[in-house]
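Dropping the structure in here first, questions after.
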Amino acid sequence: MICWHYESVTSRFLTLSDVANILNVAPAQVYTLVRSGELPAIKIGARGQWRVEAQVVEKFIADMYRTTEVFVQNHPRTPSL
């Protein structure tokens, strides 16, 4: 039998607004990321509310750091004259 602690159950999934706050972007931007498949999420309930696992958000952030690092390496900034 699996026994969940209250805190771990409530913090596992985040709303799109929660994710928007974490990423400091608009909720509409998070919705776009979810709908494009860039940010994995689940749709639950009769009203179809979106939820994202907290660990998925952390992985997304880590992936964006790697993507940005590659971009910066491939597009060096030229000094202004």
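The values are calculated or read from the model by the stated rules, or taken from the named source; none is laboratory data. A quick note: this is a predicted structure, and the numbers were derived from the prediction, not measured. All Cβ positions, glycine included, derive from the backbone under ideal geometry; neighbour counts span all protein chains shown.
For the stretch 27-63, give me the residue count where each residue is assigned to a loop (DSSP other than H, G, I, E, B) and surrounded by fewer than 11 Cβ atoms within 10 Å (Cβ to Cβ).
Within the stretch 27-63, residues that are assigned to a loop (DSSP other than H, G, I, E, B) and surrounded by fewer than 11 Cβ atoms within 10 Å (Cβ to Cβ) number 5.
Restricting attention to the stretch 45-66, report how many residues are farther than 17 Å from PRO27 by Cβ and at pLDDT below 95.
Of the residues in that region, 2 qualify.
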